[in-house]
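Shown next, in structure tokens, is the structure this report addresses.
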Amino acid sequence: MSLFTTTYDVIVVGGGHAGSEAAAASANLGAKTLLITMSLQNIAQMSCNPAMGGIAKGQIVREIDALGGYSGIVTDKTAIQFKMLNKSKGPAMWSPRAQSDRMRFAEEWRVMLEHTDNLDMYQEMVTGLIIEDNEIKGVITALGIEIKAKTVIITAGTFLNGLIHIGEKTFGGGRAGESAARGITEDLVKVGFEAGRMKTGTPPRVDARSLDYSKMIPQPGDENPEKFSYLPTSKKLETQKDCYMTYTSNEVHDLLRSGFDRSPMFNGRIQSTGPRYCPSIEDKIDRFASKDRHQIFVEPEGWNTIEMYVNGFSTSLPEDVQDKALRKVAGFENVKVLRYGYAIEYDYFPPTQLNHTLETKLVSNLFFAGQINGTTGYEEAAAQGLMAGINAALKIQDKEPFILQRNEAYIGVLIDDLITKGTEEPYRMFTSRAEYRTLLRQDNADLRLTKKAYDLGLASQERMDLVVDKEIKTQMFVDFLKETSVRPEEINPILEEKNTSVIPQSMKMFKILARPQLDFNDFKRLEKVAAFIEEHKLTHDIIEQTEVHVKYSGYIAKEKNNADKLNRLENIKIRDDFDFTKVKSLSHEAREKLMKIRPKTISQASRISGVSPSDISVLLVYMGR
């Protein structure tokens with residue numbers, strides 16, 4: 001099959017986290033897919049920290065897995081440490097995070113893609129787009145090859161006109177050691193797209209052998225680590241590597257300040273906006289001048305490498321300043337730097353120019369995913385790539401688009417926020433962004449999403465069977481707890497131990513387990529509970545799901561009720577050609593925003609900044625509702 005004569009169903013431009021998930025999804029849905037990347041050696045490269053998951057991000061990785069994506073599987077296969085964050089809080093806040101082996105992560109991604117049917121790969125830079133009558137027709141490479149396609153997904157990461165800053169030095173690049181991509185932005189602007197600039201940064205990498213860990217605080221993984229993927233072929237870690245924590249000091253801060261006059265952030269060379277929630281070290285000491293120290297996490301980059309990632313020390317200060325300041329951090333007195341930190345500026349396209357499918361409004365069959373949409377983070381990028389890949393494949397197959405609502409997935413929240421509200425700074429996901437986070441837990445992503453992916457043809461029969469088994473056994477266990485009583489002499493010793501009221505007579509287990517002082521480890525000590533678990537071979541996932549149901553069923557029911565009420569507005573569609581300017585009772589700002597974003601439903605319109613509840617009432621009356 002020749003590039004010169006083939007018309008692909010889907011071309012994915014860029015082989016990062018978004019591009020890899022996009023290519024896998026479209027190919028697995030039967031679309032003939034071509035992944036074009038500037039370096040086949042750097043597929044799904046972890047350009048920044050060697051970790052997946054974290055607060056809200058871990059939920060996204062689990063959702064990707066539940067939908068049949070690869071990120072969870074790759075993470076489990078290449079993890080060196082696993083932690084469930086926020087375990088002291090309620091289950092809506094529990095967030096899985098894995099430290100990864102950077103080199104093995106990229107290798108495993110490539111292996112999985114190479115074993116994916118319908119997927120071709122090609123190494124070259126895309127420098128132009130073939131657009132005719134506002135429809136994408138293919139791409140043009142640096143060698144001048146025109147490759148035709150029915151749909152194109154751009155997942156260019158930080159490479160679009162990327163500019164790297166280290167102190168007073170500036171040079172083009174999409175990542176250290178790799179060139180920037182030129183031509184795509186210019187072609188998109190020509191046809192009417194609005195473009196902007198954003199900034200991100202990365203910290204120094206250092207030699208593990210040059211650090212003094214006795215001056216740091218070990219950060220081990222969980223004693224009983226879990227994993228991301230719901231598939232049994234994905235295994236939990238049996239051994240783990242420690243991370244370490246140390247701190248900056250006022251002396252470190254003073255040394256860093258001495259380089260501010262040569263910092264691109266402070267001398268005006270960097271004009272673009274960086275991530276608010278992952279600021280550089282110079283930004284932290286400038287914005288939080290009263291703090292006399294900041295945490296630094298020292299993270300191994302893999303099982304068999306000396307390279308360590310200095311998390312919390314992202315910087316674009318000159319190399320000599322980075323070197324001097326690092327040496328004053330506890331444990332870093334004799335540090336050897338392997339590579340210095342830097343900042344990078346790159347082009348992005350405000351995501352209000354997209355539909356919920358991630359297809360652009362201006363050019364049909366053209367999709368954007370990842371940092372091109374103004375997001376930051378591997379997980380956010382991978383989620384967008386998955387959804388763009390699914391919808392590109394469905395588009396060429398003349399099938400209904402696949403859109404997740406805000407009450408169905410963090411992925412739905414992410415995409416809706418982007419296209420409805422836009423973003424002027426790198427967007428990252430938090431649990432606080434999800435109004436239905438009690439429904440969107442990391443433990444139930446498979447129950448929420450796998451059936452949808454199975455119906456699409458993306459999730460396997462094995463995944464669907466596992467979900468059905470989990471549903472049946474969870475309900476069976478809940479019913480057992482509701483129907484089975486426990487005698488005072490069996491449970492009271494446990495209740496006394498946990499400083500909660502003893503029972504005077506037999507009581508149903510369900511009611512007792514609902515007490516906040518108790519957890520399932522206490523109940524497993526009861527002979528009849530242990531016997532039930534053994535007899536029905538209940539896994540950790542089923543036990544956890546049952547406990548969440550017992551303790552939080554009231555909260556979950558209330559949140560479902562709230563979601564159902566708001567979904568009624570989601571069902572009130574707005575015609576594509578609806579002219580908001582004719583609705584004179586709308587405020588001027590509302591008319592302007594509604595015309596720009598062109599919401600598909602009343603619910604989406606209600607979430608647009610500048611559209612008030614009274615504007616929504618006006619729209620409902622105008623539409624005869």
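The values are calculated or read from the model by the stated rules, or taken from the named source; none is laboratory data. All values derive from a computational prediction rather than experimental measurement. Positions of Cβ are generated from backbone atoms using ideal geometry, with glycine treated the same way; all protein chains shown enter the neighbour counts. Ligands, DNA and RNA are excluded from the accessible area calculation, which covers all protein heavy atoms including side chains. Shrake-Rupley method; radii C 1.70, N 1.55, O 1.52, S 1.80 Å.
For region 173-186, the set of residues classified as at pLDDT 95 or above and crowded, with 22+ Cβ neighbours inside 10 Å consists of 184 only. When residues in region 543-572 are screened for being open to solvent by less than 70 Å² (accessible area, probe 1.4 Å), acidic (Asp, Glu) and out of contact with any helix residue (DSSP H, G or I) (no Cβ under 8 Å at 6 or more places or on another chain), 1 of them pass.
On inspection, residue 472 qualifies as exposed (fewer than 14 other Cβ atoms within 10 Å of the Cβ) and of a type in the set (A, V, I, L, M). Inspect region 528-546 for any residue being modelled with pLDDT of 90 or more and closer than 15 Å to residue 439 by Cβ and give the result as yes or no. Taking every residue of region 528-546 in turn, at least one turns out to be modelled with pLDDT of 90 or more and closer than 15 Å to residue 439 by Cβ. Is it true that some residue in region 316-337 is within 23 Å of the chain's Cα centre (by Cα), at pLDDT below 95, open to solvent by less than 70 Å² (accessible area, probe 1.4 Å) and at negative phi? Within region 316-337, none of the residues are within 23 Å of the chain's Cα centre (by Cα), at pLDDT below 95, open to solvent by less than 70 Å² (accessible area, probe 1.4 Å) and at negative phi.
Say whether the condition of being part of a helix (DSSP H, G or I), surrounded by fewer than 17 Cβ atoms within 10 Å (Cβ to Cβ), modelled with pLDDT of 95 or more and in contact with a Lys or Arg (Cβ under 8 Å, 6 or more places away or on another chain) is met by at least one residue in region 451-464. Checking region 451-464: at least one residue is part of a helix (DSSP H, G or I), surrounded by fewer than 17 Cβ atoms within 10 Å (Cβ to Cβ), modelled with pLDDT of 95 or more and in contact with a Lys or Arg (Cβ under 8 Å, 6 or more places away or on another chain).
When region 427-446 is limited to residues that are of a type in the set (A, V, I, L, M, F, W, C) and farther than 15 Å from residue 563 by Cβ, the one that is most open to solvent (accessible area, probe 1.4 Å) turns out to be 430.
Within region 87-125, being open to solvent by 50 Å² or more (accessible area, probe 1.4 Å), aliphatic (A, V, I, L, M) and either part of a helix (DSSP H, G or I) or out of contact with any helix residue (DSSP H, G or I) (no Cβ under 9 Å at 6 or more places or on another chain) (or both) holds for 103, 111.
Cβ-Cβ distances below 7 Å connect the following pairs, each with a first residue in region 516-534 that is without any contact (Cβ under 8 Å) to a residue 12 or more places away in the chain, a second residue that is part of a helix (DSSP H, G or I) and open to solvent by 40 Å² or more (accessible area, probe 1.4 Å), and a separation of six or more residues or different chains: 524/530. Does region 22-37 hold any residues that are open to solvent by 10 Å² or more (accessible area, probe 1.4 Å) and either under 15 Å from residue 74 (Cα atoms) or over 23 Å from the mean Cα position of the chain (by Cα) (or both), and which are they? The answer is 30, 32.
Among residues of region 126-137 being surrounded by fewer than 22 Cβ atoms within 10 Å (Cβ to Cβ) and touching a Ser or Thr at 6+ places or on another chain (Cβ under 7 Å), the one that is nearest to residue 52 (Cα to Cα) is 127. The residues in region 405-414 that are open to solvent by less than 10 Å² (accessible area, probe 1.4 Å) and in contact (Cβ under 8 Å) with a residue 12 or more places away in the chain can be counted, and the count is 5.
For region 529-542, check the following and say yes or no: at least one residue is outside any helix (DSSP H, G or I), open to solvent by 80 Å² or more (accessible area, probe 1.4 Å) and either touching a Ser or Thr at 6+ places or on another chain (Cβ under 6 Å) or over 17 Å from residue 474 (Cα atoms) (or both). Looking for residues that are outside any helix (DSSP H, G or I), open to solvent by 80 Å² or more (accessible area, probe 1.4 Å) and either touching a Ser or Thr at 6+ places or on another chain (Cβ under 6 Å) or over 17 Å from residue 474 (Cα atoms) (or both), one finds none in region 529-542, hence no. Of everything in region 211-234 that is among the acidic types (Asp, Glu) and farther than 30 Å from residue 334 by Cβ, the residue that is farthest from the chain's Cα centre (by Cα) is 223.
Looking only at region 207-261, residues that are farther than 30 Å from residue 316 by Cβ, of a type in the set (Ser, Thr, Tyr) and surrounded by 13 or more Cβ atoms within 10 Å (Cβ to Cβ) come to 3 in all. Which one is nearest to residue 409 (Cα to Cα), of the residues in region 38-59 that are open to solvent by 10 Å² or more (accessible area, probe 1.4 Å) and assigned to a helix (DSSP H, G or I)? Top of the filtered list is 57. If I ask for residues that are touching a Ser or Thr at 6+ places or on another chain (Cβ under 9 Å) and of a type in the set (D, E, K, R), which ones from region 138-157 would you list? If the condition is that a residue be touching a Ser or Thr at 6+ places or on another chain (Cβ under 9 Å) and of a type in the set (D, E, K, R), then 148, 150 are the ones that fit. Has region 428-447 got at least one residue that is farther than 30 Å from residue 277 by Cα and either at pLDDT 95 or above or assigned to a helix (DSSP H, G or I) (or both)? Checked region 428-447: at least one residue is farther than 30 Å from residue 277 by Cα and either at pLDDT 95 or above or assigned to a helix (DSSP H, G or I) (or both). Restricting attention to region 573-612, the residues that are basic (Lys, Arg), open to solvent by 70 Å² or more (accessible area, probe 1.4 Å) and free of Cβ contacts under 8 Å to residues at least 12 places away in the same chain add up to 3. Scanning region 281-298 for residues that are open to solvent by less than 10 Å² (accessible area, probe 1.4 Å) and within 13 Å of residue 204 (Cα to Cα) yields a count of 3.
Note on region 63-86: residues that are open to solvent by 10 Å² or more (accessible area, probe 1.4 Å) and part of a helix (DSSP H, G or I) total 3. Screening the candidates 167, 172 for the property of being without any contact (Cβ under 8 Å) to a residue 12 or more places away in the chain, touching a Leu at 6+ places or on another chain (Cβ under 7 Å), closer than 30 Å to residue 266 by Cβ and not basic (Lys, Arg) yields one hit, 172. When 352, 375 are screened for being surrounded by 24 or more Cβ atoms within 10 Å (Cβ to Cβ), touching a Ser or Thr at 6+ places or on another chain (Cβ under 9 Å) and β-branched (Val, Ile, Thr), only 375 passes. Taking every residue in region 489-509 that is open to solvent by 70 Å² or more (accessible area, probe 1.4 Å) and modelled with pLDDT under 95 and pairing it with any residue that is of a type outside the set (A, V, I, L, M) and assigned to a loop (DSSP other than H, G, I, E, B), at least 6 positions away or on another chain, the pairs with Cβ-Cβ distances below 8 Å are 499/517; 508/484. Criterion applied to 202, 170 was being open to solvent by less than 20 Å² (accessible area, probe 1.4 Å) and polar (S, T, N, Q), and the one residue passing it is 202. Kindly establish whether residue 19 is surrounded by fewer than 24 Cβ atoms within 10 Å (Cβ to Cβ) and closer than 26 Å to residue 395 by Cα. In short, no.
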